[in-house]
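The values are calculated or read from the model by the stated rules, or taken from the named source; none is laboratory data. Bear in mind that the values here come from a model prediction, so they are computed numbers and not experimental data. All Cβ positions, even for glycine, are placed from backbone atoms using ideal geometry, and neighbour counts span all protein chains on display.
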Amino acid sequence: MANDRTILGIFSDESKAVSALSALQKTPWSVRSVHSPVPSRRIAGALSGKPSRVGYFTLAGGIIGFFTGFALAAYTAVQWHLVVGGKPVVALIPFFIVGFEFTILFAVFGNVAGLIHQMKLPDYKALAHHDGRCSGSAFGVTVVCPAADEALLLRFFQEKGAETRILS
Amino acid sequence: MSEDPQHHTFDTIDDSVLATLAPASPSYWMTVGLLACGILIGAGCWAYQIAEGIGVAGMNNPVAWGTYLINFVFWVGIAHSGTLISAILHLMRASWRNPIARAAETMTVFAVCVAGLFPFIHLGRVWMVYYMLPVPNQRNLWQNFQSPLMFDVVAISTYLIVSSLFWYTGMLPDLAVVRDRSNGRKKKIFTWLSLGWTGAHEQWRHYTRAYLFFAALATPLVISVHSVVSWDFALGVVPGWHTTIFAPYFVAGAIHSGLAMVLTLMIPLRKIFCYERIITIGVLENVAKTIIFTGLIVAFAYGTEFFIAWYSQNPVEMEVFRYRPTGHYAAGFWIMVVCNTLVPLVFFFQRARRSLPILFSVSILVNVGMWFERFVIIVTSVSRDFIPHAWGRYAPTWVEFGIMLGSFSLFFFLFVLFVKHLPSVSMTEMKEMLGQGGGHGQ
Amino acid sequence: MNETAQHTAGPVFFTRTLAGGAMGLVGMGLVFFFIALSGTQSDRAWQAYLISFLFWSSVAQGGLLFSAVMHITRARWGRSLAGAAEALAGFFPVSFVLFFILFLGHHHLFPWAHMELGEKAGWLNTKSVFIRDTAGLFILYGLGTGYLFHSWAFRLNRHAERGRLKTLFNRLWSGRPVDPDRFRGRTTLFAVLYVIAYALVLSLIAYDLVMALDPHWYSTLFGAYHFVKAFYMALGVLIILASLLHMNPAVPFALRPSQFHDLGKLFFAFCLVWADFFYCQLVVIWYGNISEETAYVIQRTLAAPWRPLAWFVFTVAFVIPFLILLNRRIKSSPKWMSLLSAFVLLGLWLEHTLLIGPALNPHARSLPLGILDGFIFIGFMGLMILATASVFHVFPELAETRIPEGP
């Protein structure tokens, strides 16, 4: 909303950030995002989050890949129906290898597609509010509060030992 | 683990790694220049071969596969160890791999690139590669997907694409670190490269999951790719090639040579970049221990092949295995056995595992041995197969040596360029080691 | 060093029902074995004996391999499971004795004894096979015992007295001053030697007792295939054992869901490795199409009566576990994993039959598989249960895990 303040609190270590997050759960303010230089299980635990859905993209890619690989090998063999090397025209045993490699390839494509889709990258606009220290050694917590609570939120952050920056 | 990086902080890790990206010294550029000369020599030889024909190389009847295949298998083998370190050890939550994972994965990508050149080189008339690609055409001509050579096309391309994507995805958070700590044009380049990564918890949530899947997919890929390469030989009926143990034997051998190459690269790297506290001697020790393991597997494979050759009582098979240790190429055979199986045994002693000169020399010897293993397998089997009247010898020509020089130069050229322009140690995974145990969210 | 001393009064592991049940199984196996021996089916009896001997010995050998590998790699997650895996090695002495008994049936078991072998007869004759396989098993089991002796010095509570074996061990441990570092070093040494011996001896057993049944066929990967399959089977049994201990409230053995998950992942991994080693042999033999090699495969996968069994084995031991184990939640559930493992073990028992059966019954019209084989197999299982339970009875500390912290 127009009179919301977005404030970034920068903590120098993980435990301070985690304790701030648990304290924030008791306040009416919402946490928009938490930026960290490493993935943190404790931070993920302090925030509610569903498991990532990237896996479904990967699985779909893998299944498509398996049948594509097999289909490519079988289709191309059937175009001429030539018995080569005494092997059947559509030979399951060697075609399995082609299917297997395509499974992995398409599963990886699915993985990357899922990752791009779910992370919504590339996203260069978000960099405007990004504080460079959060990729180095600091943990940044971005909180949204009504304009009236700005001073309260700033004091909350300072009590928890964070540096603050008003983003908007 | 004896040294733990507890004396590091997030900032010291960033500082150590980012310091390596500072502008390079003249000696660096001289090295790059020297390697570029090597590449030009190789390229020149290749151009000569394209102009004059494949006959300028030593392959002929009966030995139709020579150094081009040897180098192909050699480089693919080296690539596998990088994926072992970055993917398989990630699945096993072996955090000692974190300091070397980035460099190892880079080694993989560049080794596959170099390896992928060799089928082209071996074609002679490189434009014929068109017929190996399943491009729809008016004559309805398609590849024979039952051929192991086509398996290679599929497998190596898959491996190159997957490794590159894995490498790049793994680097994303680190590219963001470089972006945030640089200015000007460098900042612009890394901003673009890092895709706007901010380290938000939502991003990490998806990222760690996807990275796990990458690792889980890369693992069977590693095994299947080198199995496919081994089947280039094993699916034929050539004695000494047609044997069921080839697939796991080649995979183990690949990892053996790749780990040795990791040591060859890491030991100078940590000295030049002052990474001693990041790539600790403990990490190198663990690589050495793994080399013992892979060396034993390779020894087991050698022994099994000889035993079964006798057990089979097949005169052709027995002749190949008599010819290898006692025939014209016996020197190569004994280099292979000594360097691959006996030399790594020195790592049973902890003092050897923690001594840089010994680690480095053993790594070079293992790589020499593994190169000769491919030489012995390829050349001896084909030079003496079924019909004695058709037996013949092989020796590489200067064109092949030139191309080989070019390939080694290309690999080191790419690697040397990499270490100065992209973070050669994964800062993110190093930081994760400080907190928990694993890498990227494990 | 383990400090807990007091356990529940009375036998927890060797309850009367367990002992009775296991001995009942052994008894039934014996009965069927002797009935078959005295009747017209002595060949079948010995075939079933060989299959069951190989199966359960592999489980024991693979079980100890798990512990040795966990020790060498210093993997933390496997530490609680290592005790249970080591208990499986209690079958070693039983297996050794059973091996001697196996040779009583050599007329029925070694078709090569009646065949023209040429030079190979120097390798394949009853005396050589017996001597070298006995030596191999002796070395393997000896190294395994050495490993356990050194590893248990730390794990067990030396002061609790429980029977003669424990007293003997205690005396050996107290006999010399236990320098922890040296013992740890020796444990690692024995573990490494055991792993090397495992690869060599199991390959040897595979070549001599399974591959040689078709003496003119060979496959270089056969030995490795056997020891990889052994580890796969051992993991299956370990899952069942760990689940039983975990679900038994009287036993202080508790695993976190993440540990079951890890064990399930390892099981999945070896399902793939086993299938991969099978495929490596299949693709090379199929593609080369050399009749000396293909006869073996054709007889087992394409010819009646073995073809349906081959497909059954492939489905039960690979396809079904592969599809099921892709799911994350199933791997953390002891109950479902035990069920799946039992299923897979059934498939692998049949796989042994598939490899050995056609060689010993070359002109079979119908599958030489029936209740007789099943009861003999279960009889061996009874022996395994008795051996494992005895180990836990004498060394109850093996079935202890620390109270879990974390997920």
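With the condition kept exactly as written, say whether any residue in segment A:85-102 is at the interface with chain B (Cβ under 8 Å from one of its Cβ atoms) and closer than 26 Å to residue A:24 by Cβ. No: segment A:85-102 contains no residue that is at the interface with chain B (Cβ under 8 Å from one of its Cβ atoms) and closer than 26 Å to residue A:24 by Cβ. For segment A:126-168, give me each residue that is in a helix (DSSP H, G or I) and over 29 Å from residue B:174 (Cβ atoms). A:147, A:148, A:149, A:150, A:151, A:152, A:153, A:154, A:155, A:156, A:158, A:159 - these are the residues of segment A:126-168 that are in a helix (DSSP H, G or I) and over 29 Å from residue B:174 (Cβ atoms). Identify the residue in segment C:194-245 that is among the polar types (S, T, N, Q) and over 15 Å from the mean Cα position of the chain (by Cα) and, among all such residues, is farthest from residue C:124 (Cα to Cα). It comes out as C:243. Flag: residue B:295 matches the condition of being away from chain C (no Cβ under 11 Å), crowded, with 18+ Cβ neighbours inside 10 Å, under 30 Å from residue B:352 (Cα atoms) and under 25 Å from the mean Cα position of the chain (by Cα). Residues in segment A:43-56 that are touching a residue at least 12 places away in the same chain (Cβ under 8 Å) and either hydroxyl-bearing (Ser, Thr, Tyr) or at the interface with another protein chain (Cβ under 9 Å from one of its Cβ atoms) (or both): A:43, A:47, A:52, A:53, A:54, A:55, A:56. Annotation note: of B:419, B:382, the sole residue that is in contact with a Phe, Trp or Tyr (Cβ under 7 Å, 6 or more places away or on another chain) and either touching a residue at least 40 places away in the same chain (Cβ under 8 Å) or at positive phi (or both) is B:382. Within segment A:119-131, residues that are more than 7 Å from every other protein chain (Cβ to nearest Cβ) sit with their Cβ atoms under 6 Å from residues that are outside any helix (DSSP H, G or I) and modelled with pLDDT of 85 or more, at 6+ positions apart or across chains, in these pairs: A:131/A:140.
Against the list (1) surrounded by 20 or more Cβ atoms within 10 Å (Cβ to Cβ); (2) not in a helix (DSSP H, G or I), the condition residue B:311 fails is (2). Could you please let me know if residue B:252 is under 22 Å from the mean Cα position of the chain (by Cα) and surrounded by fewer than 24 Cβ atoms within 10 Å (Cβ to Cβ)? The answer is yes for residue B:252.
Selection of segment C:31-46 for residues being aromatic (Phe, Trp, Tyr) and over 14 Å from residue C:368 (Cβ atoms) yields C:32, C:33, C:34. From the set of residues in segment A:132-160 that are within 10 Å of chain B (Cβ to nearest Cβ) and aliphatic (A, V, I, L, M), which is surrounded by the most Cβ atoms within 10 Å (Cβ to Cβ)? Residue satisfying both the conditions and the ranking: A:141.
Annotation for segment B:177-195: at least one member residue is free of Cβ contacts under 8 Å to residues at least 40 places away in the same chain, touching a Gly at 6+ places or on another chain (Cβ under 9 Å) and within 13 Å of chain A (Cβ to nearest Cβ). Looking at residue C:367, is it modelled with pLDDT under 90, over 22 Å from the mean Cα position of the chain (by Cα) and either more than 17 Å from residue C:63 (Cα to Cα) or of a type in the set (Val, Ile, Thr) (or both)? Answer is yes for this residue.
The rows are residues; the columns are (1) in contact (Cβ under 8 Å) with a residue 12 or more places away in the chain; (2) more than 14 Å from every other protein chain (Cβ to nearest Cβ); (3) closer than 23 Å to residue A:93 by Cβ.
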| position | (1), (2), (3) |
| --- | --- |
| C:254 | yes, yes, no |
| C:272 | yes, no, yes |
| C:286 | no, no, yes |
| C:293 | yes, no, yes |
| C:299 | yes, yes, yes |
| C:324 | yes, yes, no |
| C:346 | yes, yes, no |
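A count restricted to segment A:120-131 and to residues that are in contact with a Lys or Arg (Cβ under 9 Å, 6 or more places away or on another chain) and buried (at least 21 other Cβ atoms within 10 Å of the Cβ) stands at 0.
Segment A:1-98 holds no helices (runs of 4 or more DSSP H) entirely within its bounds that carry 3 or more residues that are basic (Lys, Arg) and surrounded by 15 or more Cβ atoms within 10 Å (Cβ to Cβ).
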